[in-house]
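Below is one structure, written out as structure tokens; comments come after it.
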Amino acid sequence: MEKIVGIDVSKDRLDVAVIPQTEAFAVSNDHAGIDELIDRLKTISADAIALEATGGYETLAVAGLSSAGLTVLVVNPAQVRAYAHAIGRRAKTDPIDAAV
């Protein structure tokens with residue numbers, strides 16, 4: 001089964017959800033946090049990592065994850081929100097957004 005990782009990006013923090021394990025955690029959105037994220041994602045052998053475009057706050061994560069050889073998809077946040085509504089997830093928190 002594929003392991004997909006969703007990341008909700010904010011200025012100071014990355015909220016991470018791993019599907020289907022339902023594992024969730026957060027790291028800081030800085031070099032140390034990205035290094036920790038890379039180490040954790042390599043141990044679980046993530047097939048793909050999706051994160052929202054946030055006007056630049058995602059740049060460090062995308063660069064670090066891509067440089068580490070991980071598959072990164074930058075997605076449109078409006079489409080993610082529309083999908084969440086379509087599946088009945090009306091609540092909006094960073095961990096919920098990462099899982100969606």
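What to note about this one:
- When the residues of the range 74-90 are filtered to those that are under 13 Å from the mean Cα position of the chain (by Cα) and surrounded by 12 or more Cβ atoms within 10 Å (Cβ to Cβ), the one that is modelled with the highest pLDDT is V74.
- Taken together, the residues in the range 51-75 that are within 15 Å of K11 (Cβ to Cβ) and part of a strand (DSSP E or B) amount to 2.
- The listed residues are E23, E52, E2, and the only one of them that is farther than 18 Å from S67 by Cβ and surrounded by 16 or more Cβ atoms within 10 Å (Cβ to Cβ) turns out to be E52.
- Count - residues of the range 26-45 that are crowded, with 18+ Cβ neighbours inside 10 Å and either assigned to a loop (DSSP other than H, G, I, E, B) or on the phi > 0 side of the Ramachandran plot (or both): 1
- Among (1) touching an Asp or Glu at 6+ places or on another chain (Cβ under 8 Å); (2) free of Cβ contacts under 8 Å to residues at least 60 places away in the same chain - the single one A24 does not satisfy: (2)
The values are calculated or read from the model by the stated rules, or taken from the named source; none is laboratory data. Note that the structure is predicted; figures quoted are calculated from it, not measured. We place every Cβ from the backbone using ideal geometry, glycine too, and count neighbours over all the protein chains shown.
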